[in-house]
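Taking it in order: structure first as structure tokens, then the write-up.
The values are calculated or read from the model by the stated rules, or taken from the named source; none is laboratory data. Note that the structure is predicted; figures quoted are calculated from it, not measured. So basically every Cβ, Gly included, is an ideal-geometry build from the backbone, and we count neighbours across all protein chains shown.
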Amino acid sequence: MSLRFKYILFIAIIHTVLILVIYQLLEDNKWLFLGTELLVVFSLFLSYELYKGFIKPIQLMQSGVDAIADADFSIKYTKTGSFEINNLIETYNQMIDRLREERTLMTGQSYFLQNLIEVTPLGIIIMDYDGKLSNVNPSAAEILDITDNWTDKRLDQYTSELIPRIQKIANNDPTLIEVNGIDKYKVQINEVVHKGFKRKFILIDDLSTEMLKTQKDAFGKIIRMMAHEVNNSMGAVNSILDTVVEYGFKEGDDPLLKESLEIARDRNLGLGKFMANYASILRLPEPQMQKMDLTLLLKKSGQLFIPKAKELDISIEFDLPKHPVTITGDKLLLEQALSNIIKNAIEAIHEDGDIKISCTEYPTTVIISDNGEGIPNKIAHKIFTPFFSTKPTGQGVGLMLIRDILTSHNTDFSLQTNPKTTWTEFKVRF
């Protein structure tokens, strides 16, 4: 029963009783009866005014509550003539102004924070209370290869090899994860309490580009210093050796000594080539981008090695689209990278094996695979490390050169052995 109904019922009962009592005066004193009837009418009028006086603030409060419930903070009330109602209106208007300002501030902060999350290069993943994806910014989607609508999905529904390793990380324990010997990520998992429940969020910082640049700068300084010292020393030494070999021996002198000096000179020249291989990494030019046919580039690169492959009883097969696949890149640099990949595949087989060169258009991907020795798990993460090589006479320059060329073309690439097929695949996605 509402307060309004109670009041009306109370006034009705009181005045009904008064009218019945006054009716008894009708026969005894008509003038008194008329006077009291006038008082009853006046009482009804006062009751009505009193009703308006207390019901209006209630209606005002109810409409204000409805507006707040609907999150409508634009409604304000003008003052009336009543002191009490004016105080109520003034308090309500101040409250609405404060709520509107706070809502505007929170909306602006939320909009700014959301935009900040969207544009930051740091991968950010926010979970809901049930562990499902609540927010995945573009950086995280690119790192984890999330291309579909992730709403209400779980992280383990995606196939990125980074995800199982992320799920093993403890909270508040920043961890460095290395993938394919190329990509390095710093991952941190935290929890916050929101509305009484814990929500998890994941931060993924891609350190690959920064670390590669730092490594290259550091090794570049070392190589330049070594090349300077070695070349200066070799130049003088070779000059002396050439002079001695040419003019320091007479006919009949010790031929063994002369041969030893010639060997020393040749070793110096070999050392010069050795340093030149390292220096070539530093002199890698900026790519001159132009459109080209990827399938034609793959055919030329593969056919170049067919004679050498035949000598080792190695077959090179092509699985390429019959129509051109257009990409943008530096033809000379990409040809150099592809040639090095095929050369490495031949060296991994040694003899009697197969190499397959394939290409897909959507997405544009190159796969050069071989059934050679494969890459052991214990060194898989080191293969793109500068100067690392498994060959007895290797310098670790070939994969460095491939890595730098492909990185300069903004490609995603990987080199790993498939444990099921035992084939080693070098994948490049443009």
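When restricted to residues that are surrounded by 12 or more Cβ atoms within 10 Å (Cβ to Cβ) and either at pLDDT 75 or above or touching a strand residue (DSSP E or B) at 6+ places or on another chain (Cβ under 7 Å) (or both), segment 76-113 contains 10. Does segment 132-189 hold any residues that are crowded, with 17+ Cβ neighbours inside 10 Å, farther than 13 Å from residue 204 by Cβ and either in the same structural domain as residue 376 (by TED's automatic domain parsing) or among the β-branched types (Val, Ile, Thr) (or both), and which are they? Selection gives 182 alone. Look at (1) under 20 Å from residue 406 (Cα atoms); (2) part of a loop (DSSP other than H, G, I, E, B); (3) of a type outside the set (A, V, I, L, M, F, W, C) and you find that residue 343 fails only one, number (2). Scanning segment 210-219 for residues that are of a type in the set (A, V, I, L, M, F, W, C) and at pLDDT 85 or above turns up nothing. Among strands (runs of 3 or more DSSP E) entirely within segment 123-192, having at least 3 residues that are touching a residue at least 60 places away in the same chain (Cβ under 8 Å) and among the acidic types (Asp, Glu) singles out no element at all.
Residues that are at negative phi, modelled with pLDDT of 90 or more and not in a helix (DSSP H, G or I): does segment 293-309 have at least one? Yes; the residues of segment 293-309 include at least one that is at negative phi, modelled with pLDDT of 90 or more and not in a helix (DSSP H, G or I).
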